[in-house]
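Engineer: Structure provided below as structure tokens; questions to follow.
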Amino acid sequence: MQQELGPVASALAILSATITPAVLISACGSLTISTANRVSRVIERTREVAEELVGLDMAGGTEPEDEEQRILLFDQLNAGIRRTRTLQRALGALYLAIGAFVATSVSIGLGVFVGLLSWLPLVFGGIGGVLLLIVTILLIKDAAHGVAIVNEETDYILRSGQRCLARARRPDGHYEDVCDIER
């Protein structure tokens with residue numbers, strides 16, 4: 001009876017060892033899809049900001065508010081470029097992690113059939129794990145950049161609204177309807 005469980009236990013250990021990299025490959029695939037979508041959204045927003053900047057320059061506004069908006073748009077353009085580069089690095093690391101986990105599965109299979117280099121799956125698995133850690137750090141960095149951009153834009157909108165309300169205030173304490181909120 002003991003001899004019958006030996007091959008079964010061995011087969012289950014091999015199956016278990018090959019499933020783990022497959023789960024990690026699937027997780028990397030999901031992260032790759034969501035990161036690629038983030039790249040697309042950041043690129044689209046960067047293009048919109050560039051168009052706004054060109055439109056502002058073509059309008060030739062010389063008011064202090066125009067200069068403040070120009071500075072905001074330049075900052076957003078630079079932040080979009082930084083975010084795109086960060087996300088590209090994350091995608092590259094994800095692709096490498098997928099490769100490392102595939103190599104882990106292959107080396108597990110080779111180790112079982114050939115019996116050599118039994119330590120190789122640990123190396124490839126470790127490399128994949130380190131790459132996933134790097135991806136996590138890069139995605140956290142990107143999220144922080146995104147929040148900073150939103151905060152900067154919100155601060156600008158609040159300042160613009162306060163200036164508009166200051167201009168619209170009548171002596172009797174009421175406000176004229178002069179603020180163009182859509183703009």
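Read the figures in this text as sums done on the coordinates, not as results from a lab. Model, not experiment: these values are computed from the prediction. Here the Cβ positions follow ideal geometry from the backbone for every residue, glycine too, while neighbour counts run over all protein chains shown.
Engineer: Would you mind calculating the gained length between V147 and L117 on full extension (0.36 nm times residue separation, minus the Cα-Cα distance), in nm to one decimal?
Structural biologist: 6.2 nm
Engineer: Further question on the same structure: What's the ranking of 63-72, 102-111 by average number of surrounding C-beta atoms within 10 Å, highest first?
Structural biologist: The most tightly packed comes first, giving 102-111, 63-72.
Engineer: Let me ask something else. Summing -39500 (n - 2.57) over the DSSP H runs of n ≥ 4 in the chain and dividing by its residue number, what mean residue ellipticity at 222 nm do you reach, to the nearest 500 deg cm²/dmol?
Structural biologist: -32500 deg cm²/dmol
Engineer: To the nearest 0.05, how large is the calculated FRET efficiency for S30 and V106 if R₀ is 30 Å and r is the Cβ-Cβ distance?
Structural biologist: The value I calculate is 0.90.
Engineer: Let me ask you something else. Scan (i) 20.8; (ii) 16.9; (iii) 17.7 for the value of Kirkwood radius over Cα pairs in Å calculated from this model and give just the label.
Structural biologist: The value matching this structure is (i).
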